[in-house]
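Chemist: Got a structure for you, written out below as structure tokens; questions coming shortly.
The values are calculated or read from the model by the stated rules, or taken from the named source; none is laboratory data. As the structure is a prediction and not an experimental result, all values here were calculated from the model. Here the Cβ positions follow ideal geometry from the backbone for every residue, glycine too, while neighbour counts run over all protein chains shown. Please note that ligands, DNA and RNA were not included when accessible areas were found on the heavy atoms of the full protein model with its side chains. Shrake-Rupley method; radii C 1.70, N 1.55, O 1.52, S 1.80 Å.
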Amino acid sequence: MEKKKNLSDHDPASVPSGEGTTVGIVVSEWNAEITEALARGAVDTLKRYGVEEKDILLKHVPGSFELTMGAQWMAEYSGVEAVICLGCVIQGETPHFRYICESVTHGITELNMKYNIPFVFGVLTVDNMDQALARAGGRHGNKGEEAAVTALKMIALKRDLL
Ligand code: DLZ
């Protein structure tokens, strides 16, 4: 298996088909310039691999702190087979950065344990806007695309094991 640093450079042949799959995407409104680019990357990637537009459920939450709740509601109230969580937390001069990052990381981890579907961590935790732009379609790829590939791989793994 090839060594990976950046799933945006993935081999398309290694990505399972998304035909007949339903996927949820929860997007934080904070740093919308970045999170909307991540969302576009995720949606385009899901469609490229066969997920139909009608089977992509995309909803917004106010900030990354709310991603956990939004993702849980998606799992509870919709029939999606995976939930992609997209946000961008930028280091500021307040302790908010650490608290929000810890909260959303633990929250999404717990959702993975609690529900029988994958919740994909697509939250950028960066020092500044340049680092965010580099990961939202810049030189480090688009982490929304990578989150979509991860969701398809996890859905396929579960189907394979069932
Ligand atoms: C409050 C806050 C701050 C300071 N920074 C960010 C950020 O960089 N990225 C982000 O997604 N959200 C931020 N928020 C908002 C919190 O996530 C949350 O929406 C509010 O604290 C309300 O619960």
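Chemist: Suppose the filter is among the hydrophobic types (A, V, I, L, M, F, W, C), touching a Gly at 6+ places or on another chain (Cβ under 7 Å), over 28 Å from Ser17 (Cα atoms) and within 14 Å of the ligand (Cβ to nearest atom); does Val126 pass it?
Modeler: No.
Chemist: Turning to a different aspect of this structure: Restricting to segment 136-151, name every residue that is in contact (Cβ under 8 Å) with a residue 24 or more places away in the chain and either in contact with a strand residue (DSSP E or B) (Cβ under 8 Å, 6 or more places away or on another chain) or open to solvent by 30 Å² or more (accessible area, probe 1.4 Å) (or both).
Modeler: Hits for segment 136-151 are Ala136, Gly137, His140, Asn142, Lys143, Gly144, Glu145, Glu146, Ala147, Ala148, Thr150, Ala151.
Chemist: Just wondering, is there one or more residues in segment 55-65 that are crowded, with 19+ Cβ neighbours inside 10 Å, farther than 16 Å from Ile155 by Cα and within 13 Å of the chain's Cα centre (by Cα)?
Modeler: Yes: one or more hits.
Chemist: Shifting gears a bit: For segment 74-99, what are the residues that are within 16 Å of the ligand (Cβ to nearest atom) and under 23 Å from Arg40 (Cβ atoms)?
Modeler: First, pick out the residues of segment 74-99 that are within 16 Å of the ligand (Cβ to nearest atom): 84-99.
Residues satisfying the conditions are Ile84, Cys85, Leu86, Gly87, Cys88, Val89, Ile90.
Chemist: Do the conditions hold for Gly70, that is, is it open to solvent by less than 40 Å² (accessible area, probe 1.4 Å), within 16 Å of the ligand (Cβ to nearest atom) and not charged (D, E, K, R)? Talk me through it step by step, then tell me what you get.
Modeler: On the way: open to solvent by less than 40 Å² (accessible area, probe 1.4 Å): yes; within 16 Å of the ligand (Cβ to nearest atom): yes; not charged (D, E, K, R): yes.
Criteria met by Gly70.
Chemist: Also, quick follow-up: Starting from segment 109-130, keep only residues that are within 14 Å of Ala151 (Cβ to Cβ), then list their pairs with residues that are in a helix (DSSP H, G or I) and open to solvent by 60 Å² or more (accessible area, probe 1.4 Å) whose Cβ atoms are within a distance under 8 Å, requiring at least 6 positions of separation or different chains.
Modeler: Ile117/Lys158; Pro118/Met154; Pro118/Lys158; Val120/Met154
Chemist: Kindly provide the set of residues from segment 73-112 that are open to solvent by 60 Å² or more (accessible area, probe 1.4 Å) and assigned to a helix (DSSP H, G or I), ordered by number.
Modeler: If the condition is that a residue be open to solvent by 60 Å² or more (accessible area, probe 1.4 Å) and assigned to a helix (DSSP H, G or I), then Trp73, Glu76, Tyr77, His96, Arg98, Tyr99, Glu102, His106, Thr109, Glu110 are the ones that fit.
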